[in-house]
Every structure is written in structure tokens, then in C-alpha cells.
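Single-structure report; data block below.
All of the numbers you see were taken from the coordinates with simple rules; none came from a lab. Here the structure is a predicted model, which means the values were calculated and not measured. Here the Cβ positions follow ideal geometry from the backbone for every residue, glycine too, while neighbour counts run over all protein chains shown.
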Amino acid sequence: MSALETMKANRRGLMIVLSSPSGAGKTTLTRQLLASDPDLTMSVSATTRKPRPGEVEGKDYYFVSKEKFAELESNVEFLEHAKVFDNFYGTPRGPVEDALEDARDVIFDIDWQGAQQLTQAAADDLVKIFILPPNMRELEKRLKTRAQDSDSVIAKRMSKSEAEISHWAEYDYVIVNEDLDTALQEVRSIIAAERMRRRRQPWLGGFVKSLISGG
């Protein structure tokens, strides 16, 4: 690695929020981003809901009791927390702060409530992206195709989707996920640009100073 590459690696990590109504594609996009970009890591949330088939403790979520969640909340160990569909979700503070200091980018698969709290807690480190479905019929179709929820739960998610979508203007970027590959490339472009922001490149000051002095 050259001296310049070493300096470029000394940047501040990003907190990247992907939000959407259930079924619009944020989880699929998140998984593909993580699989293709070694500089990305997933923020693992704590939740009081029961595991879904195939979910792994410590990888998908930390599954905790409501009593344990309340204890963590009272000790201010969450960057954000929210109640969604009668369950609680929260982002542990420590692992995220460690990743940012280590120049690693952290993806958050959270809703608008969590995004609002993260904005209050760490706006300078945050990039917020909202994913929209092409239409509501397609959203319902995707929920049914993934076969993870009962018809009653799907109906509940659909009834709440309008309220979730109404928060789109609170985000820095909005992507309509009609085609997954196109949406994925759009998210990658956003991340690449945000990584290059001047305020996230602390090495630039010293580099420019050396340029001016003839280094």
C-alpha cells in the first residue's frame, strides 16, 4: 500500500441507514451490499421479538427479553430504540462507535423512528436512504412471496406502510426499487460519493499542507 493509499484509509466511517416499508427491499439490498463490499459491516440490533426461521443469534439480531431490553435502555446502551409491531428494537452503541473509529462503515436496517433518533445522536456520521416500492400492489406481492408472515400480519404491515412512506422527505436520498440490480447500483453510488466527502477525510489537511510546502 502506497503512502497515499494509507492516508486515504484513515477516514471516518459512515453510518448508513436504509429504511422502507416492509417488503420494499431494504433487507435484500443490505445483504447484497454486505456480500460485495468488505468495508461494510452490519449493525446488529437487539429485539424482543421471536426469531424467524433461519435467523441467527448475534448475526441477524440479539434476541432479548423485554426485561433485558429495558435494562439496556435505562443504562443508555442504545444509539436508538423503537417499538414496532408490539416489539422493541435497539442499536447497541459500543460496536457502532468502535467501527466508525476503525474506518468501517455500518449499515442500519431500521425504520424512520430509529433514523430520527440517529439524526439527533450522530448527524455528521449519518447517511439516510429511503427505499420505495414501485406501487402498493407490488409491495403486497413481495410480502406474500417471502412467506414469512401470516395473512393477518401482512395486512397489518400493509396498513402501516402508508404512514411509513410519509416520512420519505426526512431522508437524504430516496430510491424507487422497481428493479433490484438498478436500486443496488444506485445505493452503491451514494455510498461511494459519501465516503469522499471532505469532512470524512481527516488526512486531507496534512496532505494539502505538504503539497503547498513542496512535499
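Listed values, structure above:
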read-out	value
For the chain, the Rg and Dmax computed from alpha carbons only, in angstrom	18.9, 69
Region 8-51 versus region 66-97: alpha-carbon centroid distance in Å	17 Å
Cα-based reach from Lys50 at 16 Å (exclusive), listing aspartates and glutamates while leaving out same-chain residues under 8 positions away	Asp60, Glu67, Asp86, Asp149
Computed lengthening from Glu67 to Lys209, 0.36 nm per intervening residue step minus Cα-Cα distance	45.7 nm
Dipole magnitude of the chain about its Cα centre (Cβ charges: Lys, Arg +1; Asp, Glu -1), debye to nearest 20	240 debye
For Ile212, Ile191, order by how many other beta-carbon atoms lie within 10 Å, fewest first	Ile212, Ile191
Among beta bridges that DSSP assigns inside the chain, antiparallel share in %, nearest 5	30 percent
Virtual spin-label span in nm between Ser166 and Ala3, 7 Å along Cα→Cβ	5.8 nm
R0 of 22 Å, Cβ-Cβ distance Thr27-Ser152: FRET efficiency to nearest 0.05	0.55
Arg198 versus Lys144: modelled label distance in nm, points set 7 Å from Cα along the beta carbon direction	5.3 nm
Trypsin sites (Lys or Arg not before Pro) within region 1-56: DSSP coil, no more than 12 neighbouring Cβ in 10 Å	none
Dipole of the chain [Lys/Arg +1, Asp/Glu -1 at C-beta], most positive-end residue of Tyr173, Leu100, Ala122	Tyr173
